[in-house]
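The values are calculated or read from the model by the stated rules, or taken from the named source; none is laboratory data. Remember, predicted model here, so these are calculated numbers, not experimental data. No Cβ is skipped: glycine too gets one built from the backbone with ideal geometry, and neighbour counts run over all protein chains shown. Ligands, DNA and RNA are excluded from the accessible area calculation, which covers all protein heavy atoms including side chains. Shrake-Rupley method; radii C 1.70, N 1.55, O 1.52, S 1.80 Å.
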Amino acid sequence: MPTIYTCFCTDFIHEGHLNIIREAQKYGELTVGVLSDKAMIKFNKFPTVSFAERMELVKNIKGVSNVVVQSDVMYDRVIAEIKPDYVIHGDNWCYGPMKAIRENVVKLLEKTGGKVIDVPYTKTERTALLDAKNALKRSMPEYRRKRLKELLELRDIVKTIEVHSGLTGLIAEKTVVANGEELDQFDAMWISSLCDSTAKGKPDIELVDMTSRLRTIAEVMEVTTKPIIFDGDTGGLIEHFVYTVRTLERMGVSAIIVEDKIGLKRNSLFGTDVKQTQDTLEHFCEKIRAGKRVQLSDDFMIIARIESLILNRGMEDALTRAHAFVKAGADGIMIHSRKKDPAEILEFCDKFRADNKNTPIVIVPSSFNSVTEAELVQHGANIVIYANQLTRAAFPAMESVAKDILKYHRAKEVDDRLMPIEKIISLVDEL
Ligand code: SPV
Ligand code: MG
């Protein structure tokens with residue numbers, strides 16, 4: 001009896017899956033792979049039911065002979081193990097980022113004499129609604145909020161990109177790139193004070209008030225499901241900070257990062273070129289303790305950002321503060337630097353990790369951008385934030401188009417730099 005294999009990356013079974021099973025049975029004995037949690041999030045299909053439940057779901061379907069775990073997005077390992085005569089899949093993998101997976105399967109099966117079968121993808125009103133509802137479930141506060149902690153367990157490093165609007169949120173949500181044998185995408189979003197302020201044409205000095213910052217979060221949340229890390233600047237007065245923690249937690253934000261500065265906040269990348277005052281260790285610990293005291297769930301994280309290297313206070317000061325902030329209840333440490341060379345950041349990571357094995361370390365490689373994610377992992381970092389690159393990419397592109405329209409007195413000359421109108425009007429999904 002020939003063997004046929006398919007892989008399910010889903011939290012529920014609908015007629016589309018049943019159709020694949022019906023088709024598969026025509027060819028041979030069917031083994032279904034259930035994608036592991038770790039692999040599932042690579043599809044931005046962060047599971048909303050447990051792996052054990054997903055296995056059970058598939059085991060109970062009539063026509064399924066075997067159920068196995070598929071632990072990678074790519075089929076190399078599973079095909080080597082079960083050597084199927086056929087691999088069957090919905091034809092939605094013939095285009096988009098999933099195309100790379102299909103091509104890989106074709107190559108693997110060429111070696112063993114197997115064949116790929118593409119079944120027309122089932123898209124009825126009901127399946128579309130089920131898919132949309134399931135995606136939206138992930139945007140609900142109770143799912144989204146805990147997702148950062150879950151990602152910290154599942155990922156070597158949580159890749160985070162700056163967003164400041166619905167549109168940039170969509171880029172963070174949907175951009176997927178096939179890199180050789182991997183599919184890469186961002187795991188989380190950063191609501192940067194610098195970019196949120198810049199988008200409003202304002203300086204990054206805590207001038208954009210909290211109501212407005214919360215409005216930005218709400219806009220992003222409307223169109224995304226990924227977890228949010230909020231740049232909380234200094235956190236303001238302790239008496240105000242506790243309200244901010246409550247609000248963010250209720251909205252479904254996963255973490256706030258607060259920096260140990262006080263008074264008029266200036267962007268860290270100015271360093272000592274402008275007047276910036278570091279908070280005392282004791283007062284900042286009090287702020288962390290106050291935030292932790294009012295927190296209601298176990299999901300929300302308060303991450304302490306240390307400005308000692310920015311302000312030339314030295315490595316020892318940074319490390320003393322890091323350990324003190326963790327003791328005060330901080331769920332993570334962000335260490336920042338404006339040097340081009342990542343050496344002092346990596347030194348901090350090594351020294352901090354020597355005494356603290358688990359507290360997540362957050363790194364923002366804006367200045368020291370030569371450092372790779374793999375190097376950061378090697379030195380014990382857990383979250384990397386690309387804090388301002390989307391804004392810095394958009395501004396010069398818009399400015400140069402504006403200049404050329406003025407120069408040529410029409411828009412024809414800039415057209416080849418623009419997204420086609422048909423594409424921009426269909427960019428945003430309609431309900
Ligand atoms: C931000 O993005 O607003 C930050 C990171 O705080 S940095 O600008 O690098 O200080
Ligand atoms: Mg900031």
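Quick notes on this one:
- Top-ranked residue of the stretch 141-165 - restricted to ones that are assigned to a helix (DSSP H, G or I), open to solvent by 10 Å² or more (accessible area, probe 1.4 Å) and touching a Ser or Thr at 6+ places or on another chain (Cβ under 8 Å), ranked as farthest from ligand 1 (Cβ to nearest atom): 143
- Top-ranked residue in the stretch 184-207 [being touching a strand residue (DSSP E or B) at 6+ places or on another chain (Cβ under 6 Å) and either among the polar types (S, T, N, Q) or in a loop (DSSP other than H, G, I, E, B) (or both); ranked as surrounded by the most Cβ atoms within 10 Å (Cβ to Cβ)]: 192
- Among residues of the stretch 95-140 being loosely packed, with under 14 Cβ neighbours inside 10 Å, assigned to a helix (DSSP H, G or I) and among the β-branched types (Val, Ile, Thr), the one that is farthest from the chain's Cα centre (by Cα) is 112.
- Of 388, 356, all but one fail to be in contact (Cβ under 8 Å) with a residue 24 or more places away in the chain, closer than 29 Å to residue 298 by Cβ and open to solvent by less than 40 Å² (accessible area, probe 1.4 Å); the exception is 356.
- Test: residue in the stretch 227-246 that is outside any loop (DSSP other than H, G, I, E, B), open to solvent by 10 Å² or more (accessible area, probe 1.4 Å) and either in contact with a Lys or Arg (Cβ under 6 Å, 6 or more places away or on another chain) or not assigned by TED's automatic domain parsing to the domain that holds residue 337 (or both): yes
- Verdict on residue 252 being under 26 Å from the mean Cα position of the chain (by Cα), more than 16 Å from ligand 2 (Cβ to nearest atom) and buried (at least 24 other Cβ atoms within 10 Å of the Cβ): no
- Counting only helices (runs of 4 or more DSSP H) that sit wholly inside the stretch 367-431, those with at least 2 residues that are within 16 Å of ligand 1 (Cβ to nearest atom) and either modelled with pLDDT of 95 or more or not assigned by TED's automatic domain parsing to the domain that holds residue 347 (or both) are 389-408.
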